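Colleague: Dumping the structure here so I can ask a few things about it.
The values are calculated or read from the model by the stated rules, or taken from the named source; none is laboratory data. Worth saying up front: this structure is predicted, and the values here are computed from it rather than measured. Backbone-built Cβ (ideal geometry, glycine too); neighbour counts: all protein chains shown.
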Amino acid sequence: MEKKPTVIYIVSDRRSGSTLLENILSKSNEVTSVGEMAMLHGHILKSGPGERWNWNCSCGEPVKECIFWSGIIKDTYQKDPLVFNTNIEWSFKAKKFLAVALLPFIFKEKLLGILNAKKNKDVPRTLNLLYTKIFAQTGKPFIVDSSKDPLQALSIYKSQRDFNVKIIWLKRDLRAIAVSKSRWKELNVKKKKTIKKILLDVFYYRRICRAVSMFIKGDDILRMQYETIAQQTQQQLDTVIEKFGMNSYTAPEYMFVEDDHTIGGTPNRFEKRPITYDESWKKAYQNKKLLYFVGGLLNKF
Ligand SMILES: [Zn+2]
């Protein structure tokens with residue numbers, strides 16, 4: 001019997017290196033890297049995040065015309081647009097998440113209520129259909145989806161399917177994420193938040209990831225740290241390879257998009273950059289010693 005194919009789903013916060021990790025994994029000849037599948041629906045409709053690149057595929061074409069996606073969209077979305085939905089809707093600021101975030105060990109079951117909501121019920125079915133089409137179209141045994149969304153990961157993990165789902169939970173120092181997000185917001189959002197406030201949000205989000213991780217069997221989840229990936233790329237790649245049964249290959253030294261057809265991601269993903277570890281975020285805490293300390297403690301929870 002042939003081995004079942006595998007979807008590797010990266011769960012993380014924004015600004016945590018998921019694009020880097022996806023990029024490293026995409027260099028395997030067994031892997032199809034799809035970017036953030038959660039954003040495919042928005043890219044088809046040209047609405048929501050993605051305006052900056054006109055919701056195009058990373059090849060530069062609109063998804064409906066792209067050589068990779070057009071056939072897949074024709075067989076799925078165009079057949080039945082009303083039940084096509086790639087994105088689990090949830091607001092992490094909703095009150096019901098507070099208990100989950102504070103005490104994930106006790107309240108994790110609350111997450112299942114979100115997945116069963118009417119607006120989300122088509123998502124796992126749609127994604128299963130898409131993954132199955134992609135496996136058939138490429139003949140490659142692995143898909144890497146860097147959608148990042150913990151609840152989306154859970155919805156796929158818990159669904160009926162003919163392929164394996166493996167989760168990589170990618171973490172980064174909460175303090176670094178907060179600084180990166182605050183810089184990002186300075187560029188893109190008018191309403192500013194203090195680093196302290198962002199740091200608490202980042203912590204909160206991580207707790208929800210943690211609650212989700214409790215549903216995943218040990219064999220199916222790999223916890224990784226961005227800082228380690230950036231500094232020991234080959235060794236970290238070998239861990240993924242071994243855990244998920246891939247063929248071994250050499251880690252790239254640069255981050256670059258080749259002829260991939262990926263959805264979403266950070267706009268600067270097209271620049272070719274060396275894979276290095278950057279600690280410049282620490283400067284933002286020079287006058288915030290207490291926050292730096294507290295953030296360090298929060299990292300441990
Ligand atoms: Zn494309």
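Colleague: Within the range 188-205, identify whether any single residue is over 20 Å from ARG14 (Cβ atoms) and of a type in the set (A, V, I, L, M, F, W, C), and answer yes or no. Full working, then the answer.
Modeller: We begin by selecting, within the range 188-205, every residue over 20 Å from ARG14 (Cβ atoms); these are none.
Scanning the range 188-205 turns up no residue that is over 20 Å from ARG14 (Cβ atoms) and of a type in the set (A, V, I, L, M, F, W, C).
Colleague: Scan the range 94-112 for residues that are farther than 17 Å from VAL202 by Cα, loosely packed, with under 13 Cβ neighbours inside 10 Å and free of Cβ contacts under 8 Å to residues at least 60 places away in the same chain and report the count.
Modeller: Of the residues in that region, 2 qualify.
Colleague: Spot the failing condition for SER16; the list is (1) assigned to a helix (DSSP H, G or I); (2) among the polar types (S, T, N, Q); (3) in contact with a helix residue (DSSP H, G or I) (Cβ under 6 Å, 6 or more places away or on another chain), and only one is missed.
Modeller: Only one criterion in (1) assigned to a helix (DSSP H, G or I); (2) among the polar types (S, T, N, Q); (3) in contact with a helix residue (DSSP H, G or I) (Cβ under 6 Å, 6 or more places away or on another chain) is unmet by SER16, namely (1).
Colleague: Here is a further query. Go through ASP219, ASP238 for me and flag whichever is in contact with a Ser or Thr (Cβ under 9 Å, 6 or more places away or on another chain) and either within 19 Å of THR32 (Cα to Cα) or not in a loop (DSSP other than H, G, I, E, B) (or both).
Modeller: Working: ASP219 fails: in contact with a Ser or Thr (Cβ under 9 Å, 6 or more places away or on another chain).
It is ASP238.
Colleague: Would you check which residues across the range 110-159 are out of contact with any helix residue (DSSP H, G or I) (no Cβ under 9 Å at 6 or more places or on another chain) and of a type in the set (S, T, N, Q) and list them?
Modeller: Let us first name the residues in the range 110-159 that are out of contact with any helix residue (DSSP H, G or I) (no Cβ under 9 Å at 6 or more places or on another chain), namely 116-119, 132, 135-136, 138-139.
Of everything in the range 110-159, those that are out of contact with any helix residue (DSSP H, G or I) (no Cβ under 9 Å at 6 or more places or on another chain) and of a type in the set (S, T, N, Q) turn out to be ASN116, THR132, THR138.
This table checks each residue for (1) charged (D, E, K, R); (2) surrounded by 18 or more Cβ atoms within 10 Å (Cβ to Cβ).
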position: LYS193; (1), (2): yes, no
position: PHE203; (1), (2): no, yes
position: VAL212; (1), (2): no, yes
position: THR262; (1), (2): no, yes
position: LYS272; (1), (2): yes, no
position: TYR277; (1), (2): no, no
position: LYS289; (1), (2): yes, no
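Colleague: From GLN231, GLN235, grab the single residue that is touching a residue at least 24 places away in the same chain (Cβ under 8 Å) and not small (Gly, Ala, Ser). Steps first, answer last, please.
Modeller: On the way: GLN235 fails: touching a residue at least 24 places away in the same chain (Cβ under 8 Å).
Sole residue among the options that is touching a residue at least 24 places away in the same chain (Cβ under 8 Å) and not small (Gly, Ala, Ser): GLN231.
Colleague: What helices (runs of 4 or more DSSP H), lying completely within the range 94-175, carry at least 3 residues that are within 19 Å of the chain's Cα centre (by Cα) and within 22 Å of THR32 (Cβ to Cβ)? Write out each step before concluding.
Modeller: On the way: elements: 96-102, 104-107, 110-115, 123-138, 150-157.
Where helices (runs of 4 or more DSSP H) fall fully within the range 94-175 and carry at least 3 residues being within 19 Å of the chain's Cα centre (by Cα) and within 22 Å of THR32 (Cβ to Cβ), they are 123-138, 150-157.
Colleague: Among the residues of the range 248-259, which ones are at pLDDT 85 or above and surrounded by 12 or more Cβ atoms within 10 Å (Cβ to Cβ)? Show your work before the answer.
Modeller: Residues of the range 248-259 at pLDDT 85 or above: 248-254.
Once the filter is applied, which keeps residues that are at pLDDT 85 or above and surrounded by 12 or more Cβ atoms within 10 Å (Cβ to Cβ), the range 248-259 yields TYR249, ALA251, PRO252.
Colleague: If you check THR76, THR32, THR86, which single one turns out to be of a type in the set (Ser, Thr, Tyr), in contact with a His (Cβ under 8 Å, 6 or more places away or on another chain) and within 21 Å of SER155 (Cβ to Cβ)?
Modeller: On the way: THR76 fails: in contact with a His (Cβ under 8 Å, 6 or more places away or on another chain); THR32 fails: in contact with a His (Cβ under 8 Å, 6 or more places away or on another chain).
Going through THR76, THR32, THR86 in turn, just one is of a type in the set (Ser, Thr, Tyr), in contact with a His (Cβ under 8 Å, 6 or more places away or on another chain) and within 21 Å of SER155 (Cβ to Cβ): THR86.
Colleague: Moving on to the next point. Working only within the range 232-261, note down all residues that are within 12 Å of LEU20 (Cβ to Cβ) and either of a type in the set (Phe, Trp, Tyr) or more than 16 Å from the ligand (Cβ to nearest atom) (or both). Give the derivation first.
Modeller: Filtering the range 232-261 for residues within 12 Å of LEU20 (Cβ to Cβ) gives 233, 236-237, 251-252, 254-257.
Across the range 232-261, the qualifying residues are THR233, GLN236, LEU237, ALA251, PRO252, TYR254, MET255, PHE256.
Colleague: Would you point out the residue of the range 44-93, among those that are touching a residue at least 60 places away in the same chain (Cβ under 8 Å) and in a helix (DSSP H, G or I), that is farthest from the ligand (Cβ to nearest atom)?
Modeller: ARG52
Colleague: For ILE208, state whether it is in contact with a Pro (Cβ under 7 Å, 6 or more places away or on another chain), in a helix (DSSP H, G or I), in contact (Cβ under 8 Å) with a residue 12 or more places away in the chain and farther than 16 Å from GLY17 by Cα.
Modeller: Values: in contact with a Pro (Cβ under 7 Å, 6 or more places away or on another chain): yes; in a helix (DSSP H, G or I): yes; in contact (Cβ under 8 Å) with a residue 12 or more places away in the chain: yes; farther than 16 Å from GLY17 by Cα: yes.
Spelling it out, ILE208 is indeed in contact with a Pro (Cβ under 7 Å, 6 or more places away or on another chain), in a helix (DSSP H, G or I), in contact (Cβ under 8 Å) with a residue 12 or more places away in the chain and farther than 16 Å from GLY17 by Cα.
Colleague: One residue is enough: does the range 245-265 have a residue meeting the conditions assigned to a helix (DSSP H, G or I) and either of a type outside the set (Ser, Thr, Tyr) or touching a residue at least 40 places away in the same chain (Cβ under 8 Å) (or both)?
Modeller: First, pick out the residues of the range 245-265 that are assigned to a helix (DSSP H, G or I): none.
Within the range 245-265, not a single residue is assigned to a helix (DSSP H, G or I) and either of a type outside the set (Ser, Thr, Tyr) or touching a residue at least 40 places away in the same chain (Cβ under 8 Å) (or both).
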